[in-house]
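Notes to accompany the following structure.
The values are calculated or read from the model by the stated rules, or taken from the named source; none is laboratory data. All values reported here derive from a predicted model rather than from experimental measurement. Quick reminder, even Gly has a Cβ in these numbers, built from the backbone with ideal geometry, and neighbours come from all protein chains shown.
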Amino acid sequence: MTTSPDPLIALRPWEAPELTSWNRLPMNAVDRRAGAIPLDGDWRFQLLPAPDAPVGGAWSTAYVPGAWTVQDSGDLPQYTNVTMPFPDIPPHSPAANPTGVYEREVDVPAGWAGRRIVLQAGAAESVLLVHVDGRPVGVSKDSHLSAEFDLTALVRPGARTTVRLTVVKWSDASHIEDQDQWWHGGLTRSVLLYATDPLHLADVTVRARRDGELRVDCQVRDARGTLPAGWYLTGDLDGLPLAQDAEFDRLNAEDERVSTFLGEARLTTTVPEVRPWTAETPHLYALTIRLHRADGTIADTSRHRVGFRDVKIVGRDLLVNGERIYIRGVNRHDFHPSTGRTVSPEDMRADLTLLKRFGFNAIRTAHYPNDPALYDLADELGFYVVDEADIESHDHAHEIADDPRYVNAFVDRVSRMVLRDKNHPSVVIWSLGNESDYGAHHDAAAGWVRHHDPTRPLQYEGAAKLDWAATDDASDIACPMYAPIEECVAHARSGRQTRPLIQCEYSHAMGNSNGTLADFWSAVESTPGLQGGFIWEFWDHGILQRLSDGRPAGRTGPALRGDGVAPPGHRWAYGGDFGERVHDGPFIADGVVLPDRAPKPALYEHREIAAPVRIEGVEQGGVVIGNHQHFRTLDWLKGEWRLDLADGTTLYAPADLPDLRPGRTAAVPLPFELPQEGGEAWLTLRVTVAEAQPWAPSGTELCVPQVRLRGPSPVPVPPVSGAVQVDAEGLLRHPLLTAPPTLTLWRAPTDNDEIGGMADRWRDWGLNALSRKVVSVREEAGRITVEAVYTGGPADVRHRQVLTPVAGGVRIEEEAELPAEFGDVARVGTVFETVAGLDRLEWFGQGPWESYPDRAAGAPVGHHALLVEELFTPYLRPQESGGRHGVRHFTLAGPESGGVRVTLDEPRQVSVTRYRAGDLTAAAHHDELVPRQGCVVHVDAAHRGLGTASCGPDTSPGYLVAPGVHRWSWVLGEG
């Protein structure tokens, strides 16, 4: 064993799970931002190969807050999901253990003489050792909660002192921080120094009920030991004075709870006509608490923003302020593509405002307490938060759950989270962690929370998954992961359900995903006992990587484009891109936004499903409007009607939204007299923000509910006219096509296809390399019939094309017979390629954003137009992308007049991109793709749903492409 004169090193705290801290101050909820000295900026830095290696040699610099793994330190990020990045079993860590030594001088203000001086480190991954002027101060573990240390006896006001923060990357704590995210090292949140009077507020607990009753419990300490006589508390809430609770003081005295070194006091008031806090109406009040000395002077002050609300479980319903709510949630990590784990308040605000605009009302802080600024923003903007402890022992979950060496770590992490965040109205549920089996440690932590904070329920998936109907475990909520919605409905209807069912993770957003999201919510909203869940997850965790040297771009890298595409000379890195031997590849890219926060198309699906206003149906002369909020009327919204006709006509009219209470409906007259001609007709209500909200300026679009007023007219069959040219293989020759229409059953596999096993099955069937063999070419009455067979798989696929010349083009009738061996293919359809110069797609169908058969609820039918490059979604790993569902007809045009026009026999799945399916399949990153000059066009008779099979249920049976005969027809003309 290496010896060292430093007691912190000699203790080897990185391999002592029983030791969660040494000399660390208790966690509390007192606001200490006023008057603090921020220590962010450049620090001297050395990266040692192990924690017991000597410090010496040249110093570099590292920016705080920040991870050294994205600052050219030589130690790079690594991504694993389940497997630990090193083979050592708990509680051991590897001998090669990167250790960052941060050092800087701090000038302690002379005015702090006689005051208590505290150092706060916002987060250190994963063990923090603190020294001041070479003397040991303390130790802390937990990579996602702050640590405070009393420096009063170690520093001299008016003098300069040297602070050294040593961060050990791997430890016994790493085994319970085995979360699905990048592994980093460093000081990832702000460091600050603050001072208080020796007589100070040690903790403040705020409990504000929806009826206006406010109770504030305070703890008071004196750093000199015994409390002085005569101290007292005052407070006010938006100017309304609080009163000290004499009955509380009397009962404490009678119970002999009065202490000479811990003071306790309670302040109370009742707010008349209180405005309750909800995610829809996040009303906040300003609370100020003052600690006075006996002479009336103020010794300490703490400020808080208070929201009055109740959270209860009644039967199998989670209630907020007495109302059963839906949890439309998302799981969120602290992440940024340039800075790793460090996120600025501005970026957090951008995260949350985007989520609000897309209909989310809840966040699960997966899988650790997030940056403190997030909770302030959630209070202000309105989110229900499931606050989750920094516990996940995925790789060794069973072994650790009952290992007595780790029980203190579990209770410590849960209790410190509660002590920090308990005063936030946004926090409605405590979570004991994630994917850590279920053992005595969870029960111990749950017992502590239930005693300390009986006002909120607890959840833990590892307990609830054992029996959704149990009531004697550590979870008050049944919170499974990726449970098929059919199982959830069956449970809710079984008569055995005893508690709310809210999935902690559902609808895995990896790549082109989130299929059947609308079906999930249709079941939730029609089944008592189901209340929603949290999509996995918010971000694609692609790290911005320089192509020149393979290193992270870091915080000084180029500005992000905001369209999902990495800046020139860079790419989005995922697992394995930094040379890791152990990694989980692109599984880190499973968010509803791309790494630069560009929304994926699935967000628009969620937005429509969560719409505050809906068109419930059509009645004589009008439509029925519904208010699907829980607490607000529609007075903060405005609307505009749009009528789209198949003939290209679009009409607009202002919409007067009815005065509706939550959950109510009303009939409104049609805004237009429906024209007799024009074919299919769709009425859309564009709903926007009327007056600016903290999360959206006036005019922000929130939803576009739609209803069909008239069905399609039969597509006329054009008469035979002209001639069709085919080559010797019976392939169509057309001046605007560079590759003729052929049959395809293959798509560039989505992440769900790959991980769910479908892509391997399709490869085994040879669908990516079928060979076409012409059987016959016959011409009769101007029509050409081409019989072909596609070979290379376990059975042949017969394909027939009937080519008929019509005015201005050619009508193509197709039939494909899939044998029984092809039980589930990606698509059945036609692919062709166009000449260069066709850059703009105009279509009548669903849009404007990408949509697929099982993810089409958020794409309204109408007339849409985009550049071809805008049709393609740059998912982190290239895959099937750019589809548009329900297309009736489309035109590909260039800057000059003319182009390709396609009219379909019925609404079909269509995609237009610059890439063949083979191009996308072969590429691991977008920098490997070379766009083609022309367009690659797919017209599908049937297209498989997306599902979420990378982690969760596959698509529903109704969205599979079955064997048998598939028929479709289309007219290719010049537009």
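Below is a table of values for the structure above.
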| quantity | calculated |
| --- | --- |
| Sole residue being over 30 Å from THR152 (Cα atoms), loosely packed, with under 11 Cβ neighbours inside 10 Å and not polar (S, T, N, Q), chosen from ALA229, ALA246 | ALA246 |
| Condition met for VAL414 (in contact (Cβ under 8 Å) with a residue 24 or more places away in the chain, outside the structural domain of PRO91 (by TED's automatic domain parsing), within 23 Å of the chain's Cα centre (by Cα) and outside any helix (DSSP H, G or I)) | no |
| Among residues of the range 911-949, those that are under 20 Å from LEU767 (Cβ atoms) and not in a helix (DSSP H, G or I), counted | 18 |
| Among the residues listed as TYR102, TYR79, the single one being buried (at least 22 other Cβ atoms within 10 Å of the Cβ), outside any loop (DSSP other than H, G, I, E, B) and out of contact with any Asp or Glu (no Cβ under 9 Å at 6 or more places or on another chain) | TYR102 |
| Selected residue (only one of GLY554, GLY562, GLY591 is in contact with a Lys or Arg (Cβ under 8 Å, 6 or more places away or on another chain), in a loop (DSSP other than H, G, I, E, B) and touching a residue at least 40 places away in the same chain (Cβ under 8 Å)) | GLY591 |
| Among the candidates VAL274, VAL311, residue that is of a type in the set (A, V, I, L, M, F, W, C), surrounded by fewer than 22 Cβ atoms within 10 Å (Cβ to Cβ) and more than 27 Å from the chain's Cα centre (by Cα) | VAL274 |
| Pair list, Cβ < 6 Å and 6+ apart or interchain, from the range 903-918 residues that are within 16 Å of LEU866 (Cβ to Cβ) to residues that are surrounded by fewer than 19 Cβ atoms within 10 Å (Cβ to Cβ) and not small (Gly, Ala, Ser) | ARG914/PRO931; ARG914/ARG932 |
| One residue from ASP919, ASP940 being under 18 Å from ALA836 (Cα atoms), among the acidic types (Asp, Glu), modelled with pLDDT of 95 or more and surrounded by 17 or more Cβ atoms within 10 Å (Cβ to Cβ) | ASP919 |
| Condition met for GLU850 (assigned to a loop (DSSP other than H, G, I, E, B), surrounded by 22 or more Cβ atoms within 10 Å (Cβ to Cβ), in contact with a Pro (Cβ under 6 Å, 6 or more places away or on another chain) and not aromatic (Phe, Trp, Tyr)) | yes |
| PRO51 at pLDDT 95 or above and more than 19 Å from GLN120 (Cβ to Cβ) | yes |
| Failed item, numbered, when LEU674 is tested on (1) surrounded by fewer than 17 Cβ atoms within 10 Å (Cβ to Cβ); (2) modelled with pLDDT under 95; (3) farther than 19 Å from GLY622 by Cβ | (3) |
| Qualifying positions in the range 929-975 - over 26 Å from GLY591 (Cβ atoms) and among the charged types (D, E, K, R) | ARG932, ASP940, ARG967, GLU974 |
| Matching entry among PRO109, PRO98, PRO91 (being in contact with a His (Cβ under 7 Å, 6 or more places away or on another chain) and either among the small types (Gly, Ala, Ser) or in contact (Cβ under 8 Å) with a residue 60 or more places away in the chain (or both)) | PRO91 |
| Some residue of the range 632-645 being touching a residue at least 60 places away in the same chain (Cβ under 8 Å), surrounded by fewer than 19 Cβ atoms within 10 Å (Cβ to Cβ) and more than 27 Å from GLY562 (Cβ to Cβ) | yes |
| Single condition SER494 does not satisfy, out of (1) farther than 20 Å from TRP536 by Cα; (2) touching an Asp or Glu at 6+ places or on another chain (Cβ under 8 Å) | (2) |
| Matching strands (runs of 3 or more DSSP E) fully within the range 119-186 where at least 3 residues are of a type in the set (A, V, I, L, M, F, W, C) and modelled with pLDDT of 95 or more | 127-132, 160-168 |
| Flag for THR738 being farther than 30 Å from PRO860 by Cα, at pLDDT 95 or above and surrounded by 13 or more Cβ atoms within 10 Å (Cβ to Cβ) | yes |
| Residue list for the range 816-844, restricted to those being under 12 Å from VAL910 (Cα atoms) and of a type in the set (Phe, Trp, Tyr) | PHE832, TRP843, PHE844 |
| Residue in the range 743-753 that is surrounded by fewer than 18 Cβ atoms within 10 Å (Cβ to Cβ) and among the aliphatic types (A, V, I, L, M) present | no |
| Unique match (being over 28 Å from the mean Cα position of the chain (by Cα), of a type in the set (Val, Ile, Thr) and within 30 Å of VAL707 (Cα to Cα)) among VAL861, VAL887, VAL789 | VAL887 |
| Filter result for VAL168 (surrounded by 24 or more Cβ atoms within 10 Å (Cβ to Cβ), assigned by TED's automatic domain parsing to the domain that holds VAL132 and in contact (Cβ under 8 Å) with a residue 24 or more places away in the chain) | yes |
| Where ALA769 falls short, out of the listed (1) among the hydrophobic types (A, V, I, L, M, F, W, C); (2) farther than 11 Å from LEU743 by Cβ; (3) in contact with a strand residue (DSSP E or B) (Cβ under 9 Å, 6 or more places away or on another chain) | (3) |
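This table checks each residue for (1) among the aliphatic types (A, V, I, L, M); (2) surrounded by fewer than 20 Cβ atoms within 10 Å (Cβ to Cβ); (3) within 22 Å of HIS441 (Cβ to Cβ).
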residue: GLU461; (1), (2), (3): no, no, yes
residue: ASP472; (1), (2), (3): no, yes, yes
residue: ALA483; (1), (2), (3): yes, no, no
residue: ALA490; (1), (2), (3): yes, yes, no
residue: LEU501; (1), (2), (3): yes, no, no
residue: ALA509; (1), (2), (3): yes, no, no
residue: ASN512; (1), (2), (3): no, no, no
residue: GLY532; (1), (2), (3): no, no, no
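So that you can scan it fast, the table gives a plain yes or no per residue for (1) in a loop (DSSP other than H, G, I, E, B); (2) touching a Leu at 6+ places or on another chain (Cβ under 8 Å); (3) among the aromatic types (Phe, Trp, Tyr):
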{"residue": "THR188", "(1), (2), (3)": "no, no, no"}
{"residue": "LEU192", "(1), (2), (3)": "no, yes, no"}
{"residue": "ALA195", "(1), (2), (3)": "no, no, no"}
{"residue": "ALA202", "(1), (2), (3)": "no, yes, no"}
{"residue": "THR205", "(1), (2), (3)": "no, no, no"}
{"residue": "VAL216", "(1), (2), (3)": "no, yes, no"}
{"residue": "LEU227", "(1), (2), (3)": "yes, yes, no"}
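Listed here are the residues, each with its yes/no results for (1) of a type in the set (Ser, Thr, Tyr); (2) within 30 Å of SER302 (Cα to Cα); (3) under 18 Å from the mean Cα position of the chain (by Cα).
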| residue | (1), (2), (3) |
| --- | --- |
| TRP448 | no, yes, no |
| HIS451 | no, yes, no |
| ALA464 | no, no, no |
| ALA470 | no, no, no |
| GLN503 | no, no, yes |
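Residues are listed down the side, and each one gets a yes or a no for (1) hydroxyl-bearing (Ser, Thr, Tyr); (2) assigned by TED's automatic domain parsing to the domain that holds GLY134; (3) over 33 Å from the mean Cα position of the chain (by Cα); (4) buried (at least 21 other Cβ atoms within 10 Å of the Cβ):
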{"site": "TRP22", "(1), (2), (3), (4)": "no, yes, yes, no"}
{"site": "PRO26", "(1), (2), (3), (4)": "no, yes, no, no"}
{"site": "ASP31", "(1), (2), (3), (4)": "no, yes, no, no"}
{"site": "ASP40", "(1), (2), (3), (4)": "no, yes, no, no"}
{"site": "ALA50", "(1), (2), (3), (4)": "no, yes, yes, no"}
{"site": "VAL70", "(1), (2), (3), (4)": "no, yes, no, yes"}
